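The block underneath contains the structure these notes are about, expressed in structure tokens.
The values are calculated or read from the model by the stated rules, or taken from the named source; none is laboratory data. The shown structure was predicted, so the numbers you read here are calculated from the model rather than taken from an experiment. Here the Cβ positions follow ideal geometry from the backbone for every residue, glycine too, while neighbour counts run over all protein chains shown. SASA here: full protein model, heavy atoms, side chains in, ligands and nucleic acids out. Shrake-Rupley method; radii C 1.70, N 1.55, O 1.52, S 1.80 Å.
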Amino acid sequence: MAGLPVYTSRNVKVAFYSNNLDGFAPDSFVTFTRNSDVTEMEVGADGKVSKSFLPDRTGSCTISLQQQSAGNLYLSGLMNLQDTSGVLVEGSISITDDDSGSVIAKLSNCHIMTSPEISLGSSAAGTTRDWVFHCDEMWFLTAAEIISDEGAVVAQVTAAIDDVRSALGL
């Protein structure tokens with residue numbers, strides 16, 4: 001009997017603007033959740049249940065990096081660009097598990113919403129940087145969907161970078 005695929009955190013890929021991040025925190029390093037429930041229901045006085053799908057696909061994503069991760073430099077640079085230009089630096093976040101395919105998501109039109117708290121001490125241990133992103137859309141996909149949509153994701157990211165570059169007059 002075939003078992004479930006084996007999960008290993010080493011195979012998880014997290015990218016923002018198609019730039020792979022690494023140097024993840026030792027425990028939970030990526031968390032994403034929708035801002036609203038997927039459905040809601042109402043029970044009438046006669047006990048009849050009415051159900052509806054909610055249209056809100058917005059959410060937040062927290063990416064936790066170690067203190068020395070180069071990803072902190074990349075995200076700090078994007079946050080600085082966002083702060084100095086007055087333009088939201090928006091792009092897609094993709095989350096894939098190369099081996100098991102157990103977690104595959106695409107988060108669209110994301111921007112840095114909350115910068116990490118910075119604390120320094122005598123050790124790098126326990127100095128995780130939590131970057132919080134707002135995302136306009138969150139999609140949980142099958143492997144086939146993300147592979148077939150890869151070209152569209154690259155085109156969307158490239159267009160978003162070009163839009164920011166144009167807005168900044170670069």
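Please state the relative contact order of region 27-135 as a whole percent: Cα pairs under 8 Å, 6+ residues apart? Spell out each step's value before the answer.
Working: 166 pairs, mean separation 28.4, N = 109.
After rounding, I find 26 percent.
Under unit Cβ charges (Lys, Arg +1; Asp, Glu -1), what dipole magnitude, rounded to 20 debye, does region 1-131 have relative to its Cα centre?
Working: 8 positive and 14 negative charges, 36 e Å.
It works out to roughly 180 debye.
Shape descriptor for region 1-80: Rg over Rh equals 1.20 (Cα atoms; Rh from the Kirkwood inverse mean 1/r).
Between Ser85 and Ala124, the FRET efficiency estimated from the beta carbon spacing at R0 = 35 angstrom works out to 0.65. Share of region 1-62's accessible area from carbon and sulfur, percent, 1.4 Å? Whole-percent figure for carbon plus sulfur exposure: 52.
With the biggest extent put first, the Cα atoms of region 70-138 measure 39, 34, 16 Å across the principal axes.
With each label modelled as a point 7 angstrom along the Cα→C-beta vector, the Asn19-Ser166 pair spans 2.2 nm.
Peptide packing: for 106-112, 65-71, the average count of neighbouring Cβ atoms within 10 Å per residue gives the ranking 106-112, 65-71, highest mean first.
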